[in-house]
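*Asks:* Got a structure here, written out as structure tokens. Questions coming.
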Amino acid sequence: MATKTKQEKKSSSVSKRTITIRLKKGVIACPPLQRATVNGLGLKSREQVKTLENTPAVRGMIKKVLHLVEVVSETR
């Protein structure tokens, strides 16, 4: 049986930080870059809810399309 290293023990005890977002407006009249950002977040249709890992990259994508999405919840 393999033993876990300190890093593996530390990462398994800390829960992942997540953020839940919802697409509140459609992307039909949006510029192509905003559509691509919404698709990159994994949202396809209005009112769809998605839970993502809370990373700086995801937060930056949300900031770019904040007028289209709504942050439902955030865990720390």
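The values are calculated or read from the model by the stated rules, or taken from the named source; none is laboratory data. Only a predicted model underlies this, so the values are computations on that prediction, with no experimental measurement involved. Note that each Cβ is placed from the backbone with ideal geometry, even for glycine, and that neighbours are counted across all protein chains shown.
*Asks:* What number of residues within the range 29-43 are at pLDDT 95 or above and either among the β-branched types (Val, Ile, Thr) or loosely packed, with under 12 Cβ neighbours inside 10 Å (or both)?
*Replies:* Here the count works out to 6.
*Asks:* So Thr37 clears everything in (1) of a type in the set (Ser, Thr, Tyr); (2) in contact (Cβ under 8 Å) with a residue 24 or more places away in the chain; (3) not in a helix (DSSP H, G or I) except one condition, right? Which one?
*Replies:* The one condition Thr37 does not meet is (3).
*Asks:* Let me ask something else about it. Consider Glu74 carefully, then state whether it is modelled with pLDDT under 95 and either loosely packed, with under 13 Cβ neighbours inside 10 Å or at positive phi (or both). Before the answer, list the steps.
*Replies:* Numbers: modelled with pLDDT under 95: yes; either loosely packed, with under 13 Cβ neighbours inside 10 Å or at positive phi (or both): yes.
Judged against the criteria, Glu74 is a match.
*Asks:* So, one more: Within the range 40-64, count every residue that is assigned to a loop (DSSP other than H, G, I, E, B) and either under 12 Å from the mean Cα position of the chain (by Cα) or aromatic (Phe, Trp, Tyr) (or both).
*Replies:* The number of residues fulfilling the criteria is 5.
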